[in-house]
Amino acid sequence: MPARTVVCWNGSEAAEAALTWALRRFRASGAAIAIVDVVEYALYLGDSAALDRARSQEQDRLDARTGELDGSDPGAVVSAELLVGDPLELLTARADGETLLVVGTRHRIGPRVRYGWSLGSRLATAAAGAVAVVPVEEDEAAAERQGVVVGVDGSETGRRALAFAAAEAEKLGASLTIVHCWVAPLAEQPLVVPDDEFVTSQESERRDLLDDHERTVRDAHPGLAVHSVLLRQNPISGLRLESEHAEMLVVGSRGLTGWKRTWLGSVSHGLILDLAAPTVVVGDGTVVPAARARVTLGA
């Protein structure tokens with residue numbers, strides 16, 4: 001579990017969803033929260049008086065909200081900071097390998113592609129550490145969510161996501177579901193039919209890989225309730241299905257550089273575009289406990 005939890009808050013409905021999720025995590029695990037509120041400087045270019053008013057009003061709102069939290073959840077908030085500047089730049093600077101950065105997103109309607117440019121999506125591509133993107137939903141639905149789901153694919157990225165998810169599930173007292181999705185070779189080539197024996201051998205190898213995931217996690221976390229799911233299905237649709245009622249879905253990020261960082265990996269990006277659950281994207285710089293880092297995912 002990350003050493004720090006930073007919640008992006010600005011008083012909006014989406015920000016409250018992020019804060020509520022982080023508070024549930026605090027109540028279950030004791031993971032205290034640092035709140036960061038950003039007044040976007042670009043909105044007030046050329047009008048210093050308006051910027052000063054916005055900063056003062058936002059500070060009052062932030063102070064009022066933290067005062068409420070001191071009463072309802074003592075010890076939950078360890079700091080609350082108001083910053084002025086570019087939200088992406090300032091928040092990314094706080095998303096190091098030992099930090100879980102939590103950001104909310106409003107109820108999503110219309111074309112999904114528009115959310116590829118949302119703050120949560122951009123933070124998940126830019127941050128070195130882990131970023132949780134939390135959708136707005138009814139309190140009753142959010143409270144009924146249970147368990148941690150993690151998607152693995154046999155890569156170093158999947159290994160990091162698995163270590164993160166196992167540590168989170170253990171700390172939260174939740175179950176862990178390890179999901180591996182695969183598609184039969186040449187499945188998208190209707191004129192080519194793979195040999196049945198070959199497909200069966202592929203499935204057996206995937207099952208062995210997933211069984212190894214489960215065994216190694218059980219060894220590292222003896223008290224953790226773990227089970228695994230092998231799906232012959234597209235990873236995006238498979239993970240959405242398995243995480244529909246989960247309190248957390250964990251996936252890895254490929255850690256791209258340059259212009260490619262505009263997008264996540266195809267699976268993580270697809271899941272962020274169409275959230276089924278609060279989704280944590282684990283960056284390539286995320287620090288995991290040494291004991292968890294030894295989890296191996298097979299050949």
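The values are calculated or read from the model by the stated rules, or taken from the named source; none is laboratory data. Predicted model only: the values in this text are computed from it and were never measured. Positions of Cβ are generated from backbone atoms using ideal geometry, with glycine treated the same way; all protein chains shown enter the neighbour counts.
Only residues that are crowded, with 21+ Cβ neighbours inside 10 Å, part of a helix (DSSP H, G or I) and of a type outside the set (A, V, I, L, M) were counted in the range 78-103, giving 1. Among the residues of the range 216-235, those identified as surrounded by fewer than 15 Cβ atoms within 10 Å (Cβ to Cβ), touching a strand residue (DSSP E or B) at 6+ places or on another chain (Cβ under 9 Å) and not in a strand (DSSP E or B) are ALA225, ARG232. Can you name the residue in the range 42-64 that is crowded, with 17+ Cβ neighbours inside 10 Å and touching a helix residue (DSSP H, G or I) at 6+ places or on another chain (Cβ under 8 Å) and is also nearest to ALA17 (Cα to Cα) among such residues? Filtering the range 42-64 for residues that are crowded, with 17+ Cβ neighbours inside 10 Å and touching a helix residue (DSSP H, G or I) at 6+ places or on another chain (Cβ under 8 Å), the one nearest to ALA17 (Cα to Cα) comes out as ALA54.
For the range 89-108, indicate whether the set of residues that are closer than 22 Å to ARG240 by Cα and of a type in the set (D, E, K, R) is non-empty. For the range 89-108, residues closer than 22 Å to ARG240 by Cα and of a type in the set (D, E, K, R): present. The listed residues are GLY285, GLY265, GLY252, and the only one of them that is at pLDDT below 80 and either among the β-branched types (Val, Ile, Thr) or more than 25 Å from GLU140 (Cα to Cα) (or both) turns out to be GLY265.
Does SER29 satisfy the condition of being over 12 Å from VAL102 (Cα atoms), of a type in the set (S, T, N, Q) and touching a residue at least 60 places away in the same chain (Cβ under 8 Å)?
Yes, satisfied.
Conditions (1) over 11 Å from VAL134 (Cβ atoms); (2) in contact with an Asp or Glu (Cβ under 7 Å, 6 or more places away or on another chain); (3) at pLDDT 95 or above, marked per residue:
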residue: ALA18; (1), (2), (3): no, no, yes
residue: ALA22; (1), (2), (3): no, no, yes
residue: ILE33; (1), (2), (3): yes, no, yes
residue: GLY46; (1), (2), (3): yes, no, no
residue: ARG53; (1), (2), (3): yes, no, yes
